1. Along the range 74-83, what does the Karplus equation 6.51 cos²θ - 1.76 cosθ + 1.60 (θ = phi - 60°) give for ³J(HN,Hα), rounded to whole Hz, x for Gly and Pro?
2. Normalised by the number of residues in the chain, what is the relative contact order in percent for Cα pairs under 8 Å and 6+ residues apart?
3. Please compute the length gained on full extension between Ala102 and Glu320, using 0.36 nm multiplied by the number of residues separating them and subtracting their Cα-Cα distance.
4. Can you tell me how much longer the chain between Leu133 and Asp156 gets when fully stretched, taken as 0.36 nm per residue apart minus their C-alpha distance, in nm with one decimal?
5. So which aspartates and glutamates can Lys14 reach, going by Cα to Cα under 17 Å and dropping same-chain residues fewer than 8 places off?
6. Would you mind telling me which residue in Arg101, Arg176, Arg211 has the biggest mean-square fluctuation in a Gaussian network model of the chain, where springs connect alpha carbons within a distance under 10 angstrom?
7. Provide the convex hull volume over Cα atoms per residue for the chain, in Å³.
8. Using a Förster distance of 25 Å, how high is the FRET efficiency between Phe291 and Glu335, based on the Cβ-Cβ distance and rounded to 0.05?
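Any read-out appearing in this document is the output of simple, stated calculations on the displayed coordinates, not a laboratory observation. Everything numeric here is computed off the predicted structure, so don't read it as measured data. Every residue, glycine among them, receives a Cβ derived from its backbone with ideal geometry; neighbour counts consider all protein chains shown.
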Amino acid sequence: MSEHQRTAVRNSAKRPTIRDVAAVAGVSKSLVSLVYSDPEKVSEARKSRVLAAAEELGFRPNLLARSLATNMSDFIGILVADPVNPVFAEIIDAASLEFDRAGRRGLMTTAVLPQSGTVRRLNEGTIATLSDLRPRSVLIAGSLPDVASLGSLAEDRPVVVASGLSEGLPNAGSVRTDDRKGLALLVEHLTSLGHSDIVHLGGLTAVGRSRADAYEEAMTKHGLGSHVHVQDSDFTELGGYMAATSVLARATRPTAIIASNDLAALGVQRALDERGLTPDDVALTGYDNSFLASIAGVSLTSVDPHNAVIGREAARWLIEAEAGKDSLPSELLVEPRLVVRRSSGKGI
């Protein structure tokens, strides 16, 4: 292609095509396509020529057209269970950095419709659209309310759940906090402050049940099996508030409350504030150590699950699964740590 022709293509108002890139690079259209669909099959010299031509022209491959042609797109679909929860932002940020290092791209969307009360419903329209785009793999941040509705999106491609369980997804991996160790840390902390009447708010969803079971196990190990009480709660501020309202209406008020996560703990705090109760009246802990926990006016004792580690390891799991590695673990548990703040009080 002459310099005059190259200039004409660069200055054209039309979006440059794969044919233009091939002409500028002096290669076939099929080779340009191969550079973007399977770059490992192209020599470094020829790949460099194609990428340099694409950069010169401002060319970007059309993901939708490629997915229709190859039955698979070269991007990672990212589903977020709860866009309000800051934990998932931390996880996605870490995963995105790892994808970028590997030269991979992600397309993110929320998986759940806005809530009515505490009822969560999968956004089946959005799931169907993402499935139509045919991502090469899928990262799910958090627990979804109805994984069966994922349909073909969860089939024939690698899927990993970050900060959630892969129940109902037989071919998926899971990277999450070790709930047993996390709840053991909380119960150990509260019993060391003299508490025995410790209530747990949770038990809903797969992760909620996992944490409720871990709480019961930890209480039993401390000889407090007769004090075990799980009040149903989800992971929202409203859910925490409603559960705390029920617990605080009991004839005998608990001396400590373990919320299912930090957002629910904010709801508990609202219920305590309405009754004029301080951390020395009722100790409160959360789980996730989100930025909310460290706000001065909140100062929430919480378990740090290392969300950045979860996001990074989930991304690595997907990248290795895409490469065909077949010895990947079905579950990776990340060791948590306890962060003590003002909300758990001085003890009794």
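1. Residue by residue, the range 74-83 yields 9, 9, 9, x, 10, 10, 10, 5, 8, x Hz.
2. Working: 674 pairs, mean separation 55.0, N = 348.
16 percent.
3. Working: separation 218, 0.36 × 218 = 78.48 nm, distance 1.05 nm.
Between Ala102 and Glu320, full extension yields an extra 77.4 nm.
4. Numbers: separation 23, 0.36 × 23 = 8.28 nm, distance 1.39 nm.
Separation in residues times 0.36 nm, less the Cα-Cα distance, equals 6.9 nm.
5. Answer for Lys14, where 17 Å is the Cα cut-off: Glu55, Glu56, listed by chain and number.
6. Arg101
7. Details: hull volume 53.9 nm³, N = 348.
Output value, Cα hull per residue: 155 Å³.
8. Numbers: r = 21 Å, r/R0 = 0.84.
Once rounded, the FRET efficiency stands at 0.75.
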